[in-house]
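Written below as structure tokens is the structure these notes are about.
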Amino acid sequence: TSVDNPQLQARGFHEVVEHPVVGSLPTPTVPFRFASVDRWLRTAAPLLGEHNRDILQGMLGLDDETYTSLESRGIIGTRPKGA
């Protein structure tokens, strides 16, 4: 795998990110370095629906009733349909 590649290891191509589901995960990062930047990756990729409420209500202003309706109809959620 690319994680085991000595050249990529020497160049620091992977950064370890803590993911809430899989734990520590070596993740490919940008293929260049700046002396002023220690880490490029700050967080793991978001989980499905992790930011639904923040975006839909916090940023877009949906009310509680509309948000709940979207959830109950399966339009938004935190699990794939059928899972």
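The values are calculated or read from the model by the stated rules, or taken from the named source; none is laboratory data. Keep in mind that what you see is a predicted model, and the values were worked out from it rather than measured. Cβ atoms come from the backbone with ideal geometry, glycine included; neighbour counts cover every protein chain shown. These area figures cover heavy atoms from the full protein model, side chains too; ligands, DNA and RNA do not enter into them. Shrake-Rupley method; radii C 1.70, N 1.55, O 1.52, S 1.80 Å.
If you check Gln57 against the conditions, is it outside any strand (DSSP E or B) and loosely packed, with under 10 Cβ neighbours inside 10 Å? Answer is no for this residue. Restricting the search to the stretch 54-82, which residues are free of Cβ contacts under 8 Å to residues at least 24 places away in the same chain and touching an Asp or Glu at 6+ places or on another chain (Cβ under 8 Å)? Listed by number, the list holds a single entry, Gln57. Restricting attention to the stretch 1-47 and to residues that are within 12 Å of the chain's Cα centre (by Cα) and small (Gly, Ala, Ser), the residue that is least open to solvent (accessible area, probe 1.4 Å) turns out to be Ala44. Here Val21 meets each of (1) farther than 29 Å from Ser72 by Cβ; (2) in a loop (DSSP other than H, G, I, E, B); (3) at pLDDT 90 or above with one exception, condition (1). Contact map, the stretch 24-53: residues that are on the phi > 0 side of the Ramachandran plot paired with residues that are open to solvent by 80 Å² or more (accessible area, probe 1.4 Å), Cβ distance under 8 Å, separation 6+ or inter-chain. Pairs shown: Gly49/Thr78; Gly49/Arg79. Taking the stretch 1-13 as the range and being out of contact with any Ser or Thr (no Cβ under 6 Å at 6 or more places or on another chain) and either outside any loop (DSSP other than H, G, I, E, B) or among the aliphatic types (A, V, I, L, M) (or both) as the test, the residues that pass are Ser2, Val3, Asp4, Pro6, Gln7, Gln9, Ala10. Could you say whether any residue in the stretch 33-50 is of a type in the set (A, V, I, L, M, F, W, C) and part of a helix (DSSP H, G or I)? No, there is no match, as no residue in the stretch 33-50 is of a type in the set (A, V, I, L, M, F, W, C) and part of a helix (DSSP H, G or I). When Thr78 is tested against the conditions (1) among the hydroxyl-bearing types (Ser, Thr, Tyr); (2) assigned to a loop (DSSP other than H, G, I, E, B); (3) open to solvent by less than 50 Å² (accessible area, probe 1.4 Å), the lone failure is (3).
Assessment of the stretch 60-75 against the conditions (closer than 30 Å to Arg11 by Cα and hydroxyl-bearing (Ser, Thr, Tyr)) yields no matching residue.
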